[in-house]
Amino acid sequence: MEFSTKAIHVGQEADPSTGATIVPIFATSTYTQTSPGVHVGFDYSRTANPTRLALERCLASLENAKYGLCFASGMAATSAVLNLCSAGDHVVVSDDLYGGTFRLFDKVLARYGLTFSYVDQSDVPTVERALHASTRMVWLESPTNPLLKLADIEGIAKMCRRHGTLLAVDNTFATPFLQNPLDLGADLSVHSTTKYISGHSDVVGGFVATNKDALYEIVKFHQNAVGAIPGPFDCFLTLRGAKTLALRMREHERNARAVAAYLDGRPDIERVYYPGLVGHPQHDLAKRQMRGFGGMVSFTPTGGAPRARAIAQSTTVFSLAESLGGVESLICHPVSMTHGSIPKEMRESRGFSDALLRLSVGIEAQADIIADLEQALAATN
Ligand SMILES: *Cc1c(COP(=O)(O)O)cnc(C)c1O
């Protein structure tokens, strides 16, 4: 079955008790049993809920995965995956990553005896050199947030297999429509479904996919034991959004390519970060590893941080907001918004400028998107 068909049908058979074509919102915490301990697979909604199960089956199919588990947020999903590690384990992490992931690792999990090394994952040997005897997991983002660097998932997966190290990939930016980490050899694919998968900026959620029985059992156990589960209404919204993921991603990408080319052609822009640009250092890897370049574009304007802040306040089609992946265009100044928790020295050593702006290019009419950037750049020049 092709991607769009799976998005619309997998896990979404007509409800057997009513014929409802759309998976109902099963707003129930408990389930009536026919005799003690006898039920049809649902006993308590932290453990299992039919709306959540439909979403888990659908999203697993989009990642070509045997198993899928949904969580209350992307961070809850990340935390569940890190539960595969125990005190004393070491994790090698991308040096350019979602600020909240850094905060979870650095401020929460470090207190439980995990250690983390942050390395440039655009180079496989650099990642390999960071591994040592207690390294349990490599955690990748590709493309990264906000610099849109790529990691060679297949190359790193092969290297991890040689060392007996798990590989988890945060696939939020690419989405399963453009990239399937498990097919490239990763053990786990993790998503903030808050972003492109739900796609309408109206719900927060997370998802983990894996093909490995043993990993599934542990993450599933954690899902139930810790209880950071999404409610049935959240699952319904996410499933409704996922049905149009393919349509939306095609349009996000068409608009993002146009925005990247437009910015790249302007003399008052210092640098544009977009894997679809021929000048992107990993453009060839992007073509090999992904089925498209996605909807995120970052750039640094001339004029430094003051002009970047002024641009962020001058757009009207682009809302000044955190988050990404919704149908509406968003502009963000990562240093003062999403990535404030990353220390300045660390940002600077990674080439992450205080003038950086990040765009989540929406699916409004392309002409309106470009015209909005044009007027904001002109007003601040
Ligand atoms: C948003 C995001 C997360 C965190 O997800 P939440 O749903 O906000 O908890 C993790 N990784 C990436 C790449 C993200 O963009």
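Sub-8 Å Cβ pairs linking a first residue in region 94-108 that is farther than 16 Å from residue 348 by Cα and modelled with pLDDT under 90 to a second residue that is more than 9 Å from the ligand (Cβ to nearest atom) and not in a helix (DSSP H, G or I), at least 6 apart or interchain, number zero. The condition (being surrounded by fewer than 22 Cβ atoms within 10 Å (Cβ to Cβ) and among the hydroxyl-bearing types (Ser, Thr, Tyr)) is satisfied by just one residue among 51, 144, 126: 126.
Looking at (1) touching a Leu at 6+ places or on another chain (Cβ under 6 Å); (2) closer than 21 Å to residue 58 by Cβ; (3) surrounded by 22 or more Cβ atoms within 10 Å (Cβ to Cβ), can you tell me which one residue 273 breaks? The one condition residue 273 does not meet is (2). Among the residues here, residue 369 qualifies as outside the structural domain of residue 191 (by TED's automatic domain parsing), in a helix (DSSP H, G or I) and either touching a residue at least 12 places away in the same chain (Cβ under 8 Å) or of a type in the set (Phe, Trp, Tyr) (or both). Screening region 162-208 for residues that are more than 10 Å from the ligand (Cβ to nearest atom) and part of a strand (DSSP E or B) and picking the one that is surrounded by the fewest Cβ atoms within 10 Å (Cβ to Cβ) gives 166.
Going by the structure shown, is residue 109 crowded, with 24+ Cβ neighbours inside 10 Å and either acidic (Asp, Glu) or within 16 Å of the ligand (Cβ to nearest atom) (or both)?
no
Scanning region 254-280 for residues that are in contact (Cβ under 8 Å) with a residue 60 or more places away in the chain and closer than 21 Å to residue 365 by Cβ turns up 254, 255, 256, 258, 259, 262, 263, 266, 274. Take the conditions under 30 Å from residue 13 (Cα atoms) and modelled with pLDDT of 95 or more and apply them to residue 65. Does it pass? Against the criterion (under 30 Å from residue 13 (Cα atoms) and modelled with pLDDT of 95 or more), residue 65 qualifies. With respect to being in contact with a strand residue (DSSP E or B) (Cβ under 8 Å, 6 or more places away or on another chain), aliphatic (A, V, I, L, M) and either surrounded by 21 or more Cβ atoms within 10 Å (Cβ to Cβ) or not assigned by TED's automatic domain parsing to the domain that holds residue 114 (or both), residue 80 fits the description.
Test residue 276 against the stated conditions and say whether it is in contact with a helix residue (DSSP H, G or I) (Cβ under 8 Å, 6 or more places away or on another chain), outside the structural domain of residue 191 (by TED's automatic domain parsing), within 16 Å of the ligand (Cβ to nearest atom) and part of a loop (DSSP other than H, G, I, E, B).
It is false that residue 276 is in contact with a helix residue (DSSP H, G or I) (Cβ under 8 Å, 6 or more places away or on another chain), outside the structural domain of residue 191 (by TED's automatic domain parsing), within 16 Å of the ligand (Cβ to nearest atom) and part of a loop (DSSP other than H, G, I, E, B).
As for region 124-144, it holds no residue that is more than 26 Å from residue 276 (Cα to Cα), in the same structural domain as residue 207 (by TED's automatic domain parsing) and within 11 Å of the ligand (Cβ to nearest atom). As a summary of the residue check, residue 92 satisfies the conditions (1) surrounded by 21 or more Cβ atoms within 10 Å (Cβ to Cβ); (2) within 16 Å of the ligand (Cβ to nearest atom); (3) in a strand (DSSP E or B) except for the one numbered (2). Note on region 63-89: residues that are within 30 Å of residue 356 (Cβ to Cβ) and within 12 Å of the ligand (Cβ to nearest atom) amount to 10.
Given the condition over 13 Å from residue 96 (Cα atoms), modelled with pLDDT of 95 or more, assigned to a loop (DSSP other than H, G, I, E, B) and of a type in the set (A, V, I, L, M), answer yes or no: does some residue in region 337-357 qualify? Looking through region 337-357, at least one residue is over 13 Å from residue 96 (Cα atoms), modelled with pLDDT of 95 or more, assigned to a loop (DSSP other than H, G, I, E, B) and of a type in the set (A, V, I, L, M). The listed residues are 76, 48, and the only one of them that is in a helix (DSSP H, G or I) and either at pLDDT below 95 or more than 23 Å from residue 184 (Cα to Cα) (or both) turns out to be 76.
Within region 202-217, work out how many residues are more than 17 Å from the chain's Cα centre (by Cα) and farther than 15 Å from residue 190 by Cα.
3
Does residue 150 fit the bill of being over 26 Å from residue 273 (Cα atoms), in contact (Cβ under 8 Å) with a residue 60 or more places away in the chain and within 14 Å of the ligand (Cβ to nearest atom)? So residue 150 fails the test.
Can you find a residue that is more than 16 Å from the ligand (Cβ to nearest atom), in contact with a Ser or Thr (Cβ under 6 Å, 6 or more places away or on another chain) and farther than 15 Å from residue 147 by Cβ anywhere in region 255-273?
Yes, some residue in region 255-273 is more than 16 Å from the ligand (Cβ to nearest atom), in contact with a Ser or Thr (Cβ under 6 Å, 6 or more places away or on another chain) and farther than 15 Å from residue 147 by Cβ.
The values are calculated or read from the model by the stated rules, or taken from the named source; none is laboratory data. Keep in mind the model is a prediction, meaning the values are calculated, not measured. FYI the Cβ positions are ideal-geometry reconstructions off the backbone, even for glycines, and counts take in every protein chain you see.
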